[in-house]
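*Asks:* Sharing a structure with you now.
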Amino acid sequence: MNPTLHNVQLGDGPVLVLVHGFPFDHSMWQPQMEALAATHRVIVPDLPGFGDSPLVDGWTIDSAAAAINQLLDSLHVSEPVALGGLSMGGYIAMSFARQFPRRLASLILADTKSPADDAAARDARNAMIAKARGEGSAAIAQAMLPKLLGATAKAGHPELADRVRAMMVKQSAASIAAALEALRDRPDATPGLAAIAVPTLVIVGEEDEITPPKMSEALAAAIPGAKLEVIPKAGHLANLEQKQAFNAALIRFLGGG
Ligand code: MLT
């Protein structure tokens with residue numbers, strides 16, 4: 001049994017759960033919490049080992065989705081929820097959709113993709129695991145930062161790079177290594193996409209280098225009725241880089257527009 005995930009909540013109304021990417025914590029959703037709490041009960045968990053959630057040995061993308069299911073039980077949430085995830089959070093949201101389809105009211109998949117890692121990506125994960133264990137989280141932050149933000153944010157918002165780096169550096173090396181194992185070993189989510197039967201929004205930053213728009217186009221095309229929103233002048237962390245445009249896309253979708 002997993003320990004309950006640490007989480008932060010804001011607002012009242014239909015439940016919206018937002019799952020963070022790698023290697024961050026719930027605080028990456030701050031702009032969305034502020035914007036959506038006017039209409040929703042926004043719940044943002046910390047994944048195992050991140051933020052204030054304890055590390056769980058051998059956690060997987062599927063077990064993290066089960067931990068979110070368990071969190072909803074512990075919070076006595078009985079109605080179906082809107083579930084969103086960015087990148088790694090999106091992998092977990094897709095796993096949740098496979099495992100707990102009746103608990104979903106709608107799905108938001110941001111800057112993410114459905115295929116599993118290929119051999120080259122698995123090798124790269126193993127190199128990053130060795131880096132995390134050998135050199136610590138600052139070295140991981142250094143290696144990841146150039147691809148996390150799009151060209152617009154890199155040129156115009158140096159303070160955002162500092163904020164993103166700080167969020168990565170405060171996560172422990174052991175937690176980063178464990179998450180890299182979960183990412184490396186995640187299943188291919190593609191075969192389950194056709195069975196997703198709830199309204200789905202796929203969002204991507206047009207400058208996303210980690211999960212480029214082509215991957216989101218394929219993801220949206222494979223989910224019946226899914227809507228695709230491309231956020232101009234945003235990279236992989238579209239929710240932080242262009243928070244107003246990202247929030248507007250969420251509000252349009254969750255408001256039924
Ligand atoms: C993330 O942003 O969560 C990661 O980049 C996902 C990944 O590396 O596959």
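*Asks:* Along region 131-136, what does the Karplus equation 6.51 cos²θ - 1.76 cosθ + 1.60 (θ = phi - 60°) give for ³J(HN,Hα), rounded to whole Hz, x for Gly and Pro?
*Replies:* Whole-Hz 3J(HN,Hα) from phi for region 131-136: 5, 4, 5, x, 10, x.
*Asks:* How large is Rg over Rh for the chain, taking Rg from the Cα atoms and Rh as the Kirkwood inverse mean of 1/r across Cα pairs?
*Replies:* On the way: Rg = 16.6 Å, Rh = 17.9 Å.
Result for the chain is an Rg/Rh of 0.93.
*Asks:* Here's another thing I want to ask about it. Would you please give the FRET efficiency between residue 147 and residue 55, computed as 1/(1 + (r/R0)^6) with r the Cβ-Cβ distance and R0 = 22 Å, to the nearest 0.05? Before the final figure, lay out the partial values.
*Replies:* On the way: r = 25 Å, r/R0 = 1.14.
Result of the calculation: an efficiency of 0.30.
*Asks:* Pop out the ³J(HN,Hα) list for region 7-20 in order, Karplus 6.51 cos²θ - 1.76 cosθ + 1.60 with θ = phi - 60°, rounded to Hz; leave Gly and Pro as x.
*Replies:* Those phi angles translate into 8, 10, 10, 8, x, 9, x, x, 7, 10, 9, 10, 10, 6 Hz.
*Asks:* Now a separate question. Just the number, please: percent antiparallel of the DSSP beta bridges in the chain, rounded to the nearest 5. Display every interim value, and only then the final one.
*Replies:* Details: 4 of 26 bridges.
DSSP beta bridges in the chain are roughly 15 percent antiparallel.
*Asks:* Rounded to the nearest 20 debye, what is the charge dipole size of region 42-199 about its Cα centre when +1 sits on each Lys and Arg Cβ and -1 on each Asp and Glu Cβ? Provide the component values of the computation, followed by the final result.
*Replies:* Details: 15 positive and 16 negative charges, 56 e Å.
Dipole magnitude for region 42-199 comes out near 260 debye.
*Asks:* While we're looking at this one, here's another question. Give the cross-link partners of residue 214 among the lysines, using a straight C-alpha distance below 30 Å as the criterion and excluding same-chain residues fewer than 8 apart.
*Replies:* 113, 131, 147, 154, 227, 233, 243
Only the coordinates and a few stated rules stand behind these numbers; no lab work does. This structure is a prediction, so every number in the text was calculated from the model and none was measured. In this analysis, Cβ positions are derived from the backbone assuming ideal geometry, glycine residues included, and neighbour counts consider all displayed protein chains.
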